[in-house]
Amino acid sequence: MHRLSSRRLATAIKDPYNALISIRQSPKQGEGPLAPLTWVAKDNITTTEEPTTCASAALKNYYSPFDATVVKLLDEAGATLVGKANLDEFGLGSSNTNSAFGPVKNPLYEEFRVAGGSSGGSAAAVSGELCDFSLGTDTGGSVRQPSSYCGVLGFKPTYGRISRWGVAAYAQGFDTVGIVARDFSVIRKTFDVIDKYDEKDVTAMPPWIRNKFGAAHLPKKLRIGVPREFLVGELLEETKKEYSTTLENLMKAGHTVVPVSLPSIKKSLPAYYTLVSAGAASSLSRFDGVRYGVLVGPEYPETIIPENRAHGLGTEVKRRTLLGNFTLSSESGDHFVRATGIREHLVEEMNDVLQFPNHLINTEGNPDGVHVLVAPTAFGIAPTIEDYKLACRTSLVNGYINDIMTIPASLAGCPSISVPMRNRRYGIQVMTQYGFDRFLLKAAELIEAHK
Ligand code: GLN
């Protein structure tokens, strides 16, 4: 243990953004490689000192009997946890408006614009300088998209790199703990501490795969792939302008920008929502008031589960539960299998265009391929809360459609980071092959230098 000193931090945090669900009273200053950095954990990551609510009314008084592995590792490395961050309930959403604790205000704007989601509190806390870094979780973009909206770095590592022990599951085959920070050195230091195999997490990347990636040397000239399927009609003019300025600057500096095609990107949105709704229906079935969650009263045992779920869970959670249970039923046909097929195709297409081998499934790599893929992280800047709500009232799909930009990296399980462009209101997303996280961080830092 590095915690030799038990000096208490005097400063109380002020949170004008509703970014935090709980604030740790007199947190202890740690000692170690991450001291004196302060951080907040998305409130679906367990800590024993405060409730872990997942932003759900069902868990508002739930105390975990143990700290998540990531919390322990960061504590041992001297980082000081100062609070727990707001989110969309259980991570289901893209705006942090699906929270039992209210929406998060984006710190970049005077007017109320959404912070993005589902890790809206984690991104806003870093952007508003309530802490040095935060952890979020990213199932389909929940670290990258709010980071893009709030003007900070949002890194989703390769699936399986960071332990999910003590992280409430949304969709087990996608959930990835991610890091939000204002600069690369903090992302790197934090990643070095939590990028560890954990035998308690059955989905953790095993040591024999971890050992395959070697040193991440950046070539003098980067080959950057621009997947044309990301250049969708919904991208706003300003986003395209910011994005092309960065690409032009990179070309002027001698890097190569190559158009590439990954046709399965077009099918990723429905494939993702099919798979994660099934995952959510299964993961969230434990919040029934018996195993976890509110207890409305034991008088009517036969109705206790439906009553608890009706009271405790929000609309989006209920919607996904219905959708997911339908997908998993025999009546739904072969949706799940087809969605899995799209996921497999996308991985094959990525293996074809990327230079690095995919060590998970032992591919060779394409010597003429690109080092990284880039795309805008979101269609545009953070919408105002009124515009966002109106768009969702007009069609529920409007709440999901933006995710098309971040979902492909989640389906592929590959590492991806959102880097703020010139005026911080837009993010550029950089992705690379499964497991090449350290290469990705170097390449993204280089790309940031050309914004
Ligand atoms: N918006 C996406 C969803 O609701 C992604 C959420 C996430 O990554 N946790 O599923």
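The values are calculated or read from the model by the stated rules, or taken from the named source; none is laboratory data. No experiment lies behind these values; they were computed from the predicted model shown. Cβ coordinates were reconstructed from backbone atoms using ideal geometry, including for glycine residues, and neighbour counts include every protein chain displayed. Surface areas here come from the heavy atoms of the whole protein model, side chains and all, with no ligands, DNA or RNA. Shrake-Rupley method; radii C 1.70, N 1.55, O 1.52, S 1.80 Å.
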I'd like to check something: does region 396-409 contain any residue that is away from the ligand (no atom under 16 Å from the Cβ), surrounded by fewer than 20 Cβ atoms within 10 Å (Cβ to Cβ) and at negative phi? no
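Please state which one of P36, P51 is under 16 Å from A168 (Cβ atoms), open to solvent by 10 Å² or more (accessible area, probe 1.4 Å), away from the ligand (no atom under 16 Å from the Cβ) and not acidic (D, E). Reasoning before the result, please.
Values: P36 fails: under 16 Å from A168 (Cβ atoms).
None of the others qualify; the one that does is P51.
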Per-region count, region 164-217, residues of a type in the set (D, E) and within 15 Å of the chain's Cα centre (by Cα): 1
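I'm trying to understand the selection: among the residues of region 51-75, which are charged (D, E, K, R) and either modelled with pLDDT of 95 or more or under 17 Å from D198 (Cβ atoms) (or both)?
First, the residues of region 51-75 that are charged (D, E, K, R): 60, 67, 72, 75.
If the condition is that a residue be charged (D, E, K, R) and either modelled with pLDDT of 95 or more or under 17 Å from D198 (Cβ atoms) (or both), then D67, K72, D75 are the ones that fit.
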Taking region 365-377 and keeping residues part of a loop (DSSP other than H, G, I, E, B) and either of a type outside the set (G, A, S) or surrounded by 18 or more Cβ atoms within 10 Å (Cβ to Cβ) (or both) leaves N366, P367, D368, G369, H371, T377
Does region 214-236 contain any residue that is away from the ligand (no atom under 16 Å from the Cβ), touching a residue at least 24 places away in the same chain (Cβ under 8 Å), assigned to a helix (DSSP H, G or I) and not hydrophobic (A, V, I, L, M, F, W, C)? yes
Can you go through T190, T256 and tell me which one is open to solvent by 10 Å² or more (accessible area, probe 1.4 Å) and hydroxyl-bearing (S, T, Y)? T256
List pairs: first in region 316-335 and without any contact (Cβ under 8 Å) to a residue 24 or more places away in the chain, second open to solvent by less than 30 Å² (accessible area, probe 1.4 Å), Cβ under 7 Å, 6+ apart or cross-chain? F326/S332
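Give the number of residues within region 380-409 that are among the hydroxyl-bearing types (S, T, Y) and not in a helix (DSSP H, G or I). Walk me through how you get there before you give the answer.
Going through region 380-409, the residues among the hydroxyl-bearing types (S, T, Y) turn out to be 384, 388, 394-395, 400, 406.
Subset that is not in a helix (DSSP H, G or I): 384, 395, 406.
The qualifying residues number 3.
Out of all the residues in region 145-153, is one or more hydrophobic (A, V, I, L, M, F, W, C) and surrounded by fewer than 24 Cβ atoms within 10 Å (Cβ to Cβ)? Reasoning before the result, please.
Just the residues of region 145-153 that are hydrophobic (A, V, I, L, M, F, W, C), to begin with: 150, 152-153.
Restricting the remaining residues to those that are surrounded by fewer than 24 Cβ atoms within 10 Å (Cβ to Cβ) gives none.
The answer is no, given that none of the residues of region 145-153 is hydrophobic (A, V, I, L, M, F, W, C) and surrounded by fewer than 24 Cβ atoms within 10 Å (Cβ to Cβ).
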Restricting to region 414-451, and then to whatever is under 17 Å from the mean Cα position of the chain (by Cα) and open to solvent by 10 Å² or more (accessible area, probe 1.4 Å), can you tell me which residue is nearest to S244 (Cα to Cα)? Y426
Would you mention how many residues in region 193-210 are open to solvent by 70 Å² or more (accessible area, probe 1.4 Å), of a type in the set (K, R) and either closer than 20 Å to P33 by Cα or in a helix (DSSP H, G or I) (or both)? 1
Index of the failed condition, V202 passing every other in (1) under 26 Å from V397 (Cβ atoms); (2) without any contact (Cβ under 8 Å) to a residue 12 or more places away in the chain; (3) of a type in the set (V, I, T): (1)
Within region 211-253, restricting attention to residues that are crowded, with 17+ Cβ neighbours inside 10 Å and among the β-branched types (V, I, T), which residue is farthest from F436 (Cα to Cα)? T239
Residue among Y292, Y273 that alone is touching a residue at least 60 places away in the same chain (Cβ under 8 Å) and buried (at least 20 other Cβ atoms within 10 Å of the Cβ): Y273
